[in-house]
Amino acid sequence: MNTIRNYLDNMFLGLPDTEEVIRAKKELLTMMEDKYNELKDSGKAENEAIGIVISEFGNLDELAETLGIKHALENKSDILQVTYEEAENYIEDKVKTAPKTALGVLLLIMSPVLLLLLLGLKELTNVNAKEDLFIAAGLAVLIAMVAIAVSYFIRFSSKLEKYDYLQETVFELDYKTEQMIRGIMAQNEHSYKSAVSISVAGYILSALPVILTPLIFDIDGLSVISVAVTLTIVAVLTYNLISKSAVNAACTVLLQQGEYSVKSKSNKTLQTVTKVYWLVITAIYLAYSFITFNWAISWIIWPVAGVIFAAIQAIAEQRS
Amino acid sequence: MISSDVIRGYIDTMILYLLLNEPSYGYEISKRIRELTDEKYIIKETTLYSAFKRMEINGHIESFSGSETYGKPRTYYKITEAGKMYYKEKCKEWEITKEVIEKFILREWK
């Protein structure tokens, strides 16, 4: 029954809320429900009943004149239509590139790990090797990992570039396509939810090494190494989360939910702010880390920036 | 399957016929059309609703809200005097139409 209601909502999407239109929708729904109930009573399966009701619904164009929505219907067809194939390709490409994007993120998060380990070991062993050597080796690896990650991002973002419009413009799906996407999303829901809960629990636990090591040992070197451990845990969790949430992320974009809702898309300011915000955060992170060499602490900017971003988004949504 | 072009001019007639004896509502009308025509014609919901609206504007039917046994509120339609007149005219028109078209229908192929 919800399917029928969704179908009708979809057909009426974007039409003016005049009394006439509302009455038409209500009465059409009643007729469809009556038909559905009788088909069900006559022993038809749910899906079959829904299929018959929808195939016999007709076309809203027939009502254009009587409802005074001719203009609205014409405008409606100006809205970009995303086809079944496009939607399918998008999900497929997203799923294909997800492990690589995830690997890029993993490299990025782990890039300071070796540097931290070397610095920690140096403190612990008190070897008289030149500190510069440790730093140079660690830095070289750090820069190499960042470079690989960035080249990954560039490669995959250019591959997915053709789908950018899905995230930026308002579009419409036909009924069949929307059902297909909802189906995929539902099928994937379990694996997505468990990945999210594992990650959230993991993120919380990942803070333990950083918090506990100084309390227990009070050795500088170990504290630095504990940061490396935490970063590694975070990196693995993030890798898992990104690769497991690809399907869900693609479906969210296609169904225009959350930050891709029609409402958010029409909020251009938020879009610009988002882009600028993350660039500024990245600049601050790099500048601070390289100037002070406080890699053991500077990563804190990421979780903090994430929470602040959520707050900005909430405020922006309320304003619009 | 029949062409909806031909039928379009007589949808109002079909609905008026079904309303001659008693008021009825959307689904019941569509169901009776289906049954009477042995499922040769299945009226689409949008076609039916636009016919209701058109006929209301023309004054051939009137709508009122009522509830059925299940207590679900429904819009009922009843035929007006003008609707009865119009129905009679359409019946006459069909007789002539039928006669005219008949002249052009070949029944036996040589």
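Throughout, read-outs are computed from the coordinates displayed, never taken from laboratory work. Being a predicted model, the structure only gives us computed values, none of them experimental. Backbone-built Cβ (ideal geometry, glycine too); neighbour counts: all protein chains shown.
Rounded to the nearest angstrom and listed largest first, the equivalent-ellipsoid semi-axes of region A:1-124 from its Cα gyration tensor are 53, 21, 14. May I ask you to list the chymotrypsin sites (Phe, Trp or Tyr not before Pro) in region A:176-254 that are in a DSSP loop and have at most 13 other Cβ atoms within 10 Å of their Cβ? Qualifying residues, ordered by number: A:Phe217. As a size descriptor, the averaged projected area of the C-alpha convex hull of the protein assembly as shown was calculated at 31.6 nm². Straight Cα distances below 18 angstrom link B:Lys92 to the aspartates and glutamates B:Asp12, B:Glu81, B:Glu102, with same-chain residues fewer than 8 positions distant left out.
Of all beta bridges that DSSP places with both ends in the protein assembly as shown, some 75 percent have antiparallel geometry. Taking label positions 7 Å along the Cα-Cβ direction at both A:Ala311 and B:Lys103, the computed distance is 8.7 nm, reported to one decimal. Taking every alpha-carbon pair under 8 Å whose residues sit at least 6 apart, chain A reaches a relative contact order of 21 percent. Think of it as helices only: each DSSP H run of n ≥ 4 in chain A is worth -39500 (n - 2.57), and spread over all residues that comes to -27000 deg cm²/dmol at 222 nm. Relative contact order, whole percent, for chain B stands at 27, derived from Cα pairs under 8 Å and 6 or more residues apart.
Restricting region B:1-57 to chymotrypsin sites (Phe, Trp or Tyr not before Pro) that sit in a DSSP loop and have at most 11 other Cβ atoms within 10 Å of their own Cβ leaves nothing. With the simple spin-label model, which puts each label point 7 Å out from Cα in the Cβ direction, the A:Ser158 to B:Glu95 separation comes to 8.0 nm. In percent, rounded to a whole number, the relative contact order of region A:84-257 is 42, using alpha-carbon pairs under 8 Å and six or more apart.
Averaging Cα coordinates gives a centre for region A:275-300 and one for region A:229-245; these two points are 20 Å apart.
For a paramagnetic label modelled on B:Lys78 (point 7 Å from Cα along Cα→Cβ), amide N atoms under 19 Å away belong, within region B:14-47, to B:15-29. A Förster radius of 45 Å, combined with the Cβ-Cβ distance separating A:Ala201 from A:Glu46, puts the computed FRET efficiency at roughly 0.75.
Counting only Cβ charges, +1 for Lys and Arg and -1 for Asp and Glu, the dipole size of the protein assembly as shown around its Cα centre is about 500 debye. Hydrodynamic analysis of region A:171-258 uses the Kirkwood radius over alpha carbon pairs. Inserted into Stokes-Einstein at 25 °C and 0.890 mPa s, it gives a translational diffusion coefficient of 161 µm²/s. The overall shape of region A:208-307, judged from the alpha-carbon gyration tensor, is oblate: a/c is not under 1.5, and a/b is no greater than b/c. What is the distance in Å between the Cα centroid of region A:95-112 and that of region A:124-203? First find each Cα centre; the distance between them is then 5 Å.
For the set A:Lys35/B:Lys72; A:Lys96/A:Lys244; A:Lys70/B:Lys90; A:Lys35/B:Lys53; B:Lys78/B:Lys98, the pairs lying more than 18 angstrom apart at their alpha carbons are A:Lys70/B:Lys90; A:Lys35/B:Lys53; B:Lys78/B:Lys98. All Cα-Cα distances of region A:267-320, cut into 10 Å bins from zero to the largest, leave 23, 45, 23, 9, 0 percent in each bin in turn.
With the convex hull drawn around the C-alpha atoms of chain B, the volume per residue stands at 121 Å³.
Between A:Ser151 and A:Tyr84, the C-beta separation translates, for a Förster distance of 41 Å, into a calculated FRET efficiency of about 0.75. Sorting B:Ser63, B:Ser30, B:Ser4 from the fewest to the most surrounding beta carbons within 10 angstrom yields B:Ser4, B:Ser63, B:Ser30. Working from label points 7 Å from Cα in the Cα-to-Cβ sense, the B:Leu20 to A:Arg182 distance is 4.3 nm. Per residue of A:56-66, other chain Cβ atoms within 10 Å of the residue Cβ number 5 on average.
Once R0 is set to 35 Å, what does the formula 1/(1 + (r/R0)^6) return for the Cβ-Cβ distance between A:Gln318 and B:Arg32, expressed as a FRET efficiency to the nearest 0.05? Efficiency computed from Cβ-Cβ geometry: 0.10.
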